[in-house]
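Structure first, then comments.
Read the figures in this text as sums done on the coordinates, not as results from a lab. Please read these numbers as outputs of a predicted model, since none were measured by experiment. Virtual Cβ from ideal backbone geometry, glycine too; neighbours counted across all protein chains shown.
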Ligand SMILES: Nc1ncnc2c1ncn2[C@@H]1O[C@H](COP(=O)(O)OP(=O)(O)O)[C@@H](O)[C@H]1O
Ligand SMILES: [Mg+2]
């Protein structure tokens, strides 16, 4: 069996020092294989987002390590770390994080711009991603004028425009009504199934979690349960 | 991120909050506008002085006077009377001060010629003309200026007096053309005018000369007739009729020529040697130097005000960008999460500052040049009509470019604080920010 794409080894994460010290993660170990869809479930404040940030190499664990395809990531720094994140991960956040007054296409191609991809190539790939999400007719619209569902679809287009291997979705349907949320979920699971993109969903929504291959329950910074889909 | 994309993004971001950006640009505009006008003033006036240098005198000559034995006594107490001393022109000091100089005679001229570095020496013959007249008979008072070989009068018509010519030539000021009954400056060329001098015995002598040129009024030569050497000598001889040789050859000053290629040190050394021999000397540069120093001083003070305006504006940039960084916290966090390096984030915000600086200064300099040129030509036609050739506010491309670059530099410095704050931002913190 190949090495897992992401692997957490006894990860601890604490905030603050001394009497104010707060342990958000208290020894989390888990393996995520390429092509899997994994849900990280827990109540608010249980440490889900913290775990996601550590897995996405946005934050360093206080103790323990994260391995990317079997390689320790503690040595990754600066430009190399930035390039790894840019190429490997796509992000979908509950609050969208779109630049409101920029056009949809400009928002979508941001990861490509950061990667240094040329203008023409950016436009082509940006439009292709939007087409995939049936938003190509909104490419020139300002992001601020989109509906919630359209915004989240733009965010997904942005997440996959650079052909990432892993998409992290932090409460992707948290700001959407049930119907729109369901559409967005379908899109994410289609990407996982059809393009083999590893999907890591952070949520407190049991229904969303139920659609994942694997569910990891977290409470007070420790994994309390793990379920594999039947 | 490619540099070109970085610049493009920075420019795009500048216009995101239009009102705020425009107000900041306006503040910089005021500073840049003022700097452009004050610098233009300095450039215009100094350029005029430079153009006039040639008219005032050649730059390889200096004026030399002999220091009177009693001239340098301690200022307390009355000065002892010296029957040989000549009361020269006004000197620096309270109004009415005159320099008391010893006469320069043949001996002194020989002594000067022997000093190392002196190529030629010529006494300055002061001519005191009574009047000038032409065929139509009206007589007008006029001064007589000295013509030094190499000097360039600013001419409205005709040519420079010929130092080598044996016939009498004169250049008359533009303002006398009408009075002397000539149709215009060109019509005066080749006509004959008469100048009169009175000798020590009260006898008036009239001498004729051909008009070879008409001089425009300028700093150097306002309302003086300039004779060539032959005519100057003739006037001086007529004026000196009846004086014996020793009385005649007592000049208050002399002109000394030196090597035109001399460096400043060599000129200073020559002036030191002249001082050792008991002579005071003034170069043309020194004469103009004080004038230029005053202009430069005034421009410097005005520039200081403009710089203060710019400093105030730079705080505007700091403020604008800090607000922008604050507003875009999540966007910055997202870009960093997507792999944008801190250096690029810093670059993005400081480029934005530089662009704001560029806009403010380019608009300021552009409008400053327009307004300056308009004011200058309006004044040139009215208030300053007596100083032809003076463009009060002039611009040279180098100093305009320097102004724009300096403002952009100031803007960059102002932008470093907000840009560094953006660059330091922790993406995780920014993404949690609600
Ligand atoms: N920068 C921080 N400083 C102190 N405590 C923090 C910080 N970030 C998160 N926490 C705490 O860590 C815990 C886990 O947070 P988080 O991972 O965001 O929870 P979840 O995403 O499960 O709601 C929370 O109790 C939160 O208050
Ligand atoms: Mg969370």
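Summary table below
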{"quantity": "Percent RCO, i.e. relative contact order, over chain B, from Cα pairs under 8 Å lying at least 6 residues apart", "calculated": "28"}
{"quantity": "Calculated [θ] (222 nm, deg cm²/dmol) that DSSP helices of n ≥ 4 give over chain A, each run adding -39,500 (n - 2.57)", "calculated": "-10000 deg cm²/dmol"}
{"quantity": "Gyration tensor (alpha-carbon) shape descriptor, the stretch A:1-81, a/c threshold 1.5", "calculated": "oblate"}
{"quantity": "Where labels lie 7 Å past Cα in the beta-carbon direction, separation of residue A:205 and residue B:201 in nm", "calculated": "12.6"}
{"quantity": "Rounded, prolate or oblate (a/c below 1.5 giving rounded, otherwise prolate when a/b exceeds b/c) for the stretch A:174-230 by Cα gyration tensor", "calculated": "oblate"}
{"quantity": "Where only alpha carbons of the stretch B:163-234 are counted, the Rg and the Dmax (Å)", "calculated": "12.7, 38"}
{"quantity": "For B:136, A:190, A:23, order by how many other beta-carbon atoms lie within 10 Å, fewest first", "calculated": "B:136, A:190, A:23"}
{"quantity": "As computed over the stretch B:3-46, the Cα convex hull volume per residue (Å³)", "calculated": "78"}
{"quantity": "Cα-only Debye scattering, the stretch B:151-302: base-10 log of I(q)/I(0) at q = 0.12, 0.14, 0.16, 0.19 Å⁻¹", "calculated": "-0.75, -0.94, -1.08, -1.18"}
{"quantity": "Computed over the stretch A:121-230, the ratio Rg/Rh where both radii use C-alpha atoms and Rh is Kirkwood", "calculated": "1.00"}
{"quantity": "Burial ordering of B:7, B:132, fewest other beta-carbon atoms within 10 Å first", "calculated": "B:7, B:132"}
{"quantity": "Value of [θ]222 nm, deg cm²/dmol, for chain B, DSSP H segments ≥ 4, -39500 (n - 2.57) each, nearest 500", "calculated": "-17000 deg cm²/dmol"}
{"quantity": "Relative compactness, the stretch B:111-191, computed as alpha-carbon Rg over 2.2 N^0.38 Å", "calculated": "1.37"}
{"quantity": "Whole-Å semi-axes of the ellipsoid equivalent to chain B (Cα gyration tensor, √5λ, descending)", "calculated": "64, 26, 17"}
{"quantity": "Neighbour-count ranking [beta-carbon atoms within 10 angstrom, fewest first] of A:138, B:18", "calculated": "B:18, A:138"}
{"quantity": "Theoretical gain in end-to-end length, residue B:260 to residue B:396 [0.36 nm per residue, Cα-Cα removed]", "calculated": "46.2 nm"}
{"quantity": "Simple label model, 7 Å out from Cα along Cβ direction - residue A:84 to residue A:119, nm", "calculated": "3.4"}
{"quantity": "Between helix B:397-424 and chain B: long-axis angle, C-alpha atoms, 0 to 90°, nearest 10", "calculated": "30"}
{"quantity": "Separation in nanometres of the label points that stand 7 Å from Cα toward Cβ, at residue A:190 and residue B:162", "calculated": "10.0"}
{"quantity": "Convex hull volume of the stretch B:315-434 per residue (C-alpha atoms, cubic angstrom)", "calculated": "105"}
{"quantity": "For residues of B:327-334, the mean tally of beta carbons on other chains within 10 Å", "calculated": "3"}
{"quantity": "Over the stretch A:6-228, equivalent-ellipsoid semi-axes from the Cα gyration tensor in Å", "calculated": "29, 20, 16"}
{"quantity": "For the protein assembly as shown, the fraction of alpha-carbon pairs in successive 10 Å shells from zero, as %", "calculated": "3, 12, 16, 14, 10, 8, 7, 7, 8, 8, 6, 2, 0, 0"}
{"quantity": "Helix A:119-132 vs. chain A, principal-axis angle (Cα, 0 to 90°, nearest 10)", "calculated": "80"}
{"quantity": "Paramagnetic label zone (point 7 Å from Cα along Cα-to-C-beta, residue B:322; backbone N under 11 Å) in the stretch B:408-432", "calculated": "B:417-418"}
{"quantity": "Distance from the stretch B:278-355 to the stretch A:1-76 (C-alpha centre basis), Å", "calculated": "47"}
{"quantity": "Helix B:229-239 vs. chain B, principal-axis angle (Cα, 0 to 90°, nearest 10)", "calculated": "50"}
